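A quick write-up on the structure given underneath.
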Amino acid sequence: MRVQDKVIVVTGGASGIGKALCKRFAQEGARGVVVADLNEKGALAVADRIGGLGMKCDVSVEADLLHVVERTEKHYGPIDLLCSNAGIFFGDGEGGMATSLSNDRWQRMWEVNVRAHIYGARAVLPSMIERGEGYLLQTASAAGLLNQIGDAAYSTTKHAAIGFAESLAITHGDQGIKVSVLCPQGVATPMLDGWESSPQAGDGVLQPEEVAESVIRGLEAERFLILPHPQVRTYMERKVSDYDRWLGGMRRLRRKFSE
Ligand SMILES: NC(=O)c1ccc[n+]([C@@H]2O[C@H](COP(=O)([O-])OP(=O)(O)OC[C@H]3O[C@@H](n4cnc5c(N)ncnc54)[C@H](O)[C@@H]3O)[C@@H](O)[C@H]2O)c1
């Protein structure tokens with residue numbers, strides 16, 4: 001899919017990867033870009049800069065996403081591409097145990113990193129299926145294919161997000177619905193602040209604009225997996241070819257970074 005002339009909604013569009021996507025989509029000639037974010041001021045500022053429409057939205061609240069879809073359709077017409085990109089990472093580690101994070105924080109992770117994708121897809125799918133076309137791009141993470149050393153909740157919720165995206169592709173591919181998951185490693189955004197020397201940043205930290213470039217190419221190729229860090233494919237291959245060996249390697253990496 002080429003984004004020119006398309007109507008696109010980006011959640012988490014006020015900052016980082018989402019902001020870079022909004023800017024790039026506008027440059028590529030999208031007909032309408034909607035910047036939806038919990039941070040209303042940030043969303044309005046990005047929208048103002050690119051001539052789009054900004055709005056406040058908490059992606060963990062289904063009614064908010066329905067409202068975003070309704071407003072977008074009224075303003076621009078049917079949505080061609082929904083970028084379900086907002087996500088959270090607490091970055092406060094595990095306190096030595098994979099179970100240490102509080103139940104409240106686990107719950108919030110599920111709501112924002114997983115359930116929001118379901119709400120977004122549910123809000124746009126009926127119209128897309130009726131039209132026989134539509135594209136869902138979900139920002140997950142390489143942590144959802146591999147693992148995030150030191151953060152069990154982030155790893156688990158990102159794996160779940162990828163599982164849901166696979167289900168969307170399998171269930172709705174024959175109805176003209178395209179699905180991609182964006183799985184970067186480290187990207188220089190506020191989310192990575194303080195984590196620049198973590199194992200996940202070992203292959204180099206990309207700029208959000210480089211990730212946006214990968215997204216444009218991935219959407220054009222209509223590829224399910226969009227991997228801005230190409231090494232991730234090799235790591236995935238190693239993981240599936242010998243899971244125990246891969247786990248051993250990850251334990252070594254964890255020891256190295258906890259020394
Ligand atoms: N930065 C990285 O290294 C990295 C790596 C892999 C994946 N990701 C993923 O990329 C996505 C974007 O992250 P980023 O790095 O641009 O982070 P960021 O913190 O710069 O931006 C995230 C945006 O999402 C918004 N947001 C958070 N919770 C929200 C909610 N409930 N409703 C609506 N908006 C909400 C924030 O206000 C913020 O504007 C996330 O899903 C993240 O998990 C980031």
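Just to verify a result, which residue in region 1-21, among those that are of a type in the set (D, E, K, R) and not in a helix (DSSP H, G or I), is nearest to the ligand (Cβ to nearest atom)? This residue is 6.
The condition (being modelled with pLDDT of 95 or more and part of a loop (DSSP other than H, G, I, E, B)) is satisfied by just one residue among 233, 223, 238: 223.
Would you confirm whether or not region 63-86 contains a residue that is in contact with a Lys or Arg (Cβ under 7 Å, 6 or more places away or on another chain) and part of a helix (DSSP H, G or I)? Yes, the conditions are met somewhere in region 63-86. Scanning region 87-121 for residues that are of a type outside the set (A, V, I, L, M, F, W, C), part of a loop (DSSP other than H, G, I, E, B) and either at negative phi or in contact with a strand residue (DSSP E or B) (Cβ under 7 Å, 6 or more places away or on another chain) (or both) yields 87, 92, 94, 99, 100, 102. Counting residues in region 119-133 that are within 23 Å of residue 208 (Cβ to Cβ) and touching a His at 6+ places or on another chain (Cβ under 7 Å) gives zero. Residue 166 falls short on exactly one of the conditions (1) farther than 23 Å from residue 203 by Cα; (2) touching a Phe, Trp or Tyr at 6+ places or on another chain (Cβ under 7 Å); (3) not aliphatic (A, V, I, L, M), and that condition is (2). Among the residues of region 38-56, those that are within 24 Å of residue 111 (Cα to Cα), buried (at least 18 other Cβ atoms within 10 Å of the Cβ) and touching a helix residue (DSSP H, G or I) at 6+ places or on another chain (Cβ under 7 Å) comprise 54, 55. One residue stands out in region 16-47 among those that are under 23 Å from residue 216 (Cβ atoms) and among the charged types (D, E, K, R): the one that is farthest from the chain's Cα centre (by Cα), namely 31.
Considering region 122-171, and only residues there that are of a type outside the set (Ser, Thr, Tyr), part of a helix (DSSP H, G or I) and closer than 14 Å to residue 78 by Cα, the residue that is nearest to the ligand (Cβ to nearest atom) turns out to be 123. Within the set 41, 56, 23, 6, the sole residue that is among the charged types (D, E, K, R) and closer than 19 Å to residue 133 by Cα turns out to be 6. Evaluated against (1) in contact (Cβ under 8 Å) with a residue 40 or more places away in the chain; (2) farther than 15 Å from residue 85 by Cβ, residue 165 falls short on exactly one condition, (2).
The combined condition, being outside any helix (DSSP H, G or I) and either surrounded by 14 or more Cβ atoms within 10 Å (Cβ to Cβ) or modelled with pLDDT of 95 or more (or both), is fulfilled by residue 181.
The values are calculated or read from the model by the stated rules, or taken from the named source; none is laboratory data. All values derive from a computational prediction rather than experimental measurement. As a convention, Cβ positions derive from the backbone with ideal geometry for all residues, glycine included, and neighbour counts pool all protein chains shown.
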